[in-house]
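Heads up, the thing below is written out as structure tokens.
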Amino acid sequence: MEITIIPYEDRYAEDFKRMNLGWLDRYHLTEAPDLEVLNDPRGTVLNDGGVLFLAKAGDEIIGSAGLKKEDEGVFELIKMTVTGSWQGRGIGRMLMDACLQTARERNVKKITLYSNSQFQRAINLYEQYGFRHTTLDNSPLETADVRMELIL
């Protein structure tokens, strides 16, 4: 089945929320900042200059990733996930490529991300794309114990 990366549309709001809450809840990581984005992706990400991408297989939404504006030229990689049965097929790379292409088109200088050390596969992917571990200062998430950044 062909997998395509599409820009977020409001009609996929419930898919976006369900998919991300699935993994956040499974690992007991859901926090208020997550819920703010998942309950209002347009108001918290898109209206402020950010982007969200969805991975789609047929009519099913199977993954997401986005860039949330933090400061001028600085964005945070957010809500990167691929539904369980679709993992390991390069979809995370497709989503990352879409985010990085958009960042470069917008002359973004730096992308940050927050994660948790139990997600080694994701951290390995970030490292392959050139993200480097940095000091975890002023994290917006209590459960984040990893901070990484990519200088573009």
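Being under 23 Å from ASN138 (Cβ atoms) and either assigned to a helix (DSSP H, G or I) or of a type in the set (S, T, N, Q) (or both) is the requirement here; does LEU35 meet it?
yes
Name the residues in segment 102-135 that are assigned to a helix (DSSP H, G or I) and either surrounded by 12 or more Cβ atoms within 10 Å (Cβ to Cβ) or modelled with pLDDT under 95 (or both), would you?
Matches in segment 102-135: THR102, ALA103, GLN120, ARG121, ALA122, ILE123, LEU125, TYR126, GLU127.
Are there any pairs with C-beta distances below 7 angstrom linking a residue in segment 22-33 that is open to solvent by 30 Å² or more (accessible area, probe 1.4 Å) to a residue that is among the hydroxyl-bearing types (Ser, Thr, Tyr), with the two at least 6 apart or on different chains, and if so which?
Partner pairs satisfying both residue conditions: TRP23/THR81.
Determine which single condition ASP40 fails, assuming it passes every other condition in (1) surrounded by fewer than 18 Cβ atoms within 10 Å (Cβ to Cβ); (2) touching an Asp or Glu at 6+ places or on another chain (Cβ under 8 Å); (3) closer than 23 Å to ALA144 by Cα.
(2)
Are there any pairs, at least 6 apart or on different chains, whose C-beta atoms fall under 8 Å, with the first in segment 37-63 and more than 13 Å from ASP10 (Cβ to Cβ) and the second hydroxyl-bearing (Ser, Thr, Tyr) and in a loop (DSSP other than H, G, I, E, B), and if so, which?
VAL51/TYR8; PHE53/TYR8; ILE62/THR83; GLY63/THR83
Are any residues in segment 136-151 without any contact (Cβ under 8 Å) to a residue 60 or more places away in the chain and exposed (fewer than 15 other Cβ atoms within 10 Å of the Cβ), and if so, which ones?
LEU136, ASP137, ASN138, SER139, ASP145, ILE151
When you scan segment 24-32, do you find a residue that is touching a helix residue (DSSP H, G or I) at 6+ places or on another chain (Cβ under 7 Å), within 27 Å of ILE151 (Cβ to Cβ) and in a helix (DSSP H, G or I), even just one?
no
Identify, please: which residue in segment 68-83 is surrounded by fewer than 20 Cβ atoms within 10 Å (Cβ to Cβ) and in contact (Cβ under 8 Å) with a residue 40 or more places away in the chain and is, among those, nearest to GLU149 (Cα to Cα)?
GLU70
The values are calculated or read from the model by the stated rules, or taken from the named source; none is laboratory data. Every value quoted in this text rests on a predicted model; they were computed, and no experiment measured them. We place every Cβ from the backbone using ideal geometry, glycine too, and count neighbours over all the protein chains shown. Only protein heavy atoms, including side chains, enter the accessible area calculation; ligands, DNA and RNA are left aside. Shrake-Rupley method; radii C 1.70, N 1.55, O 1.52, S 1.80 Å.
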